Amino acid sequence: MVNDWKENYGLFIGVMLKTFEVVIGAAIFMSTKGDRKLTFEENVVFYFFIVIGLSYHFVPCYYGNLIYTVTNTFGYDLFSSDWTDGNLKYKKAMIVFGENLKQPVALSVSFYENLTLETFQVVKNIKLFLQKFKVK
């Protein structure tokens, strides 16, 4: 059930992010195409798309980064604690639990890319580059 949830969530986030990248690309293309100057309303709509697009990318990346960081810290704290002094059942449980924590939990987009703040930074840099690029 967890794998189904992760797959569906990753697919949903992937479709959402890719769809909005197409929309923002079209908005940038339409705003930079031609020789006419944009009206105030067109500028407001254009920047509205950019702000909404960045927030659509930031929220999943922020929480994905938070999950990754917390599970990484939890695994480090588990291995650095003095769990070897416990009884045998506790030691076995910690070994099994520790094996699962060797690979930190991370949100991913359709099992393709982990959602972290580095992902957000890359997407933001691409959008800023496209915004500066003028199509004549």
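Which one is nearest to Gln121 (Cα to Cα), of the residues in the range 68-89 that are in contact (Cβ under 8 Å) with a residue 12 or more places away in the chain and surrounded by fewer than 16 Cβ atoms within 10 Å (Cβ to Cβ)?
Asn72
If Ile24 satisfies all but one of (1) modelled with pLDDT of 70 or more; (2) surrounded by 11 or more Cβ atoms within 10 Å (Cβ to Cβ); (3) more than 20 Å from Gln121 (Cα to Cα); (4) not small (Gly, Ala, Ser), what's the number of the condition it fails?
(3)
Output the residues belonging to the range 72-92 that are over 25 Å from Thr116 (Cα atoms) and touching a Phe, Trp or Tyr at 6+ places or on another chain (Cβ under 9 Å).
If the condition is that a residue be over 25 Å from Thr116 (Cα atoms) and touching a Phe, Trp or Tyr at 6+ places or on another chain (Cβ under 9 Å), then Trp83, Tyr90, Lys91 are the ones that fit.
Any residue that is farther than 30 Å from Lys102 by Cα, touching a Ser or Thr at 6+ places or on another chain (Cβ under 7 Å), at pLDDT 70 or above and aromatic (Phe, Trp, Tyr) - is there at least one of those in the range 41-64?
Looking for residues that are farther than 30 Å from Lys102 by Cα, touching a Ser or Thr at 6+ places or on another chain (Cβ under 7 Å), at pLDDT 70 or above and aromatic (Phe, Trp, Tyr), one finds at least one in the range 41-64, hence yes.
What residue, of Gly98, Gly64, Gly53, is outside any loop (DSSP other than H, G, I, E, B) and in contact with an Asp or Glu (Cβ under 8 Å, 6 or more places away or on another chain)?
Gly53
Looking only at the range 74-108, count how many residues are within 27 Å of Gly14 (Cα to Cα), of a type in the set (S, T, N, Q) and out of contact with any strand residue (DSSP E or B) (no Cβ under 7 Å at 6 or more places or on another chain).
Qualifying residue count for the region: 2.
The values are calculated or read from the model by the stated rules, or taken from the named source; none is laboratory data. These figures come from a predicted structure and were not determined experimentally. All Cβ positions, glycine included, derive from the backbone under ideal geometry; neighbour counts span all protein chains shown.
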